[in-house]
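Please read the structure below before turning to the comments.
Computed from the coordinates by the stated procedures, all read-outs in this text should not be read as laboratory data. Note that the structure is predicted; figures quoted are calculated from it, not measured. In this analysis, Cβ positions are derived from the backbone assuming ideal geometry, glycine residues included, and neighbour counts consider all displayed protein chains.
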Amino acid sequence: MTDTATGAAGSTAPPTSADGRNQRRDRNRDAVVESLLGLYREGNPGPSADQIAERAGISARSVFRYFDDADAMVRAAIARQQAHLAPLYALDATSDLPLAERIERFVAARMRLLEGMGEVGRVARSLAARQPLILAELARIRGTLRRQLTGLFAPQLDALAPGEREAAVAAADVVTSWESLDLMRNDQGLTREQAVAAMAAALLRLLGGDAGPGATGGGDR
């Protein structure tokens with residue numbers, strides 16, 4: 001039997017010119033998003049249309065042809081970055097593990113995530129004051145990371161008095177943040193290993209463990 005939509009039975013109709021235009025539009029749109037993210041990753045917080053276009057391989061006047069406005073392009077870049085980072089949010093630890101082991105696993109996972117953010121983290125923070133979309137995304141990410149922290153260390157945090165718990169959460173949240181890692185690596189000149197050790201020791205102190213030499217999390221509650 002012949003299908004009038006596809007021609008001969010079992011065959012597929014050749015792409016129409018409209019199909020080709022749509023595919024080309026999708027490719028160019030993806031190229032613009034990757035170009036913008038690539039420039040962000042290199043530490044450029046405000047790439048021009050010419051810079052984006054040159055990397056994407058299109059004309060400068062075409063950059064915004066694939067988006068309703070600049071905000072739509074930023075939204076697309078945020079979505080692409082989050083898709084890239086999504087696997088790095090995984091945490092191989094549960095709250096019933098010994099404190100020292102939880103801290104070790106948590107810090108290893110958090111370091112992978114923060115390093116994955118890289119220079120995009122710096123660019124996002126520099127743009128947040130004038131880009132509500134980026135400001136909102138940073139708030140969402142911080143909330144997610146804070147909930148991950150408080151969930152994993154709930155046994156220790158819940159054993160604290162209310163005021164002490166809030167202070168411990170605030171301090172632990174800061175210690176394990178992108179900003180903290182940036183300060184340790186780029187301002188204080190710590191190696192990656194030293195930054196890991198500093199982050200782990202601070203968490204152990206805040207959560208009631210023994211941060212002295214040979215600490216094993218004996219302060220577990």
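Rounding to the nearest 10 and keeping the result within 0 to 90°, find how far the Cα-based axis of helix 99-127 lies from the longest principal axis of the chain. Helix 99-127 sits roughly 50 degrees off the main axis of the chain.
Compute the length gained on full extension between ASP68 and ALA128: take 0.36 nm times their separation in residues and subtract their Cα-Cα distance, giving the result in nm to one decimal.
Here the segment from ASP68 to ALA128 would lengthen by 19.5 nm.
Placing pseudo-labels 7 Å out from each Cα toward the beta carbon at ALA171 and GLU119 gives an inter-label distance of 3.6 nm. Taking the longest Cα principal axis of the chain as reference, the axis of helix 162-175 is set at about 50 degrees.
Principal-axis analysis of the Cα atoms of the chain puts helix 17-41 at an angle of about 30° to the longest axis. Between SER95 and ASP19, the simple spin-label model (points 7 angstrom out along Cα→Cβ) gives 5.4 nm.
Relative contact order (percent) for the stretch 90-206, with alpha-carbon contacts under 8 angstrom and 6 or more residues of separation?
Working: 73 pairs, mean separation 35.7, N = 117.
Reported relative contact order: 30 percent.
Result for the chain in a Gaussian network model with C-alpha springs under 10 Å: among ALA53, ALA170, ALA161, the largest mean-square fluctuation is at ALA161.
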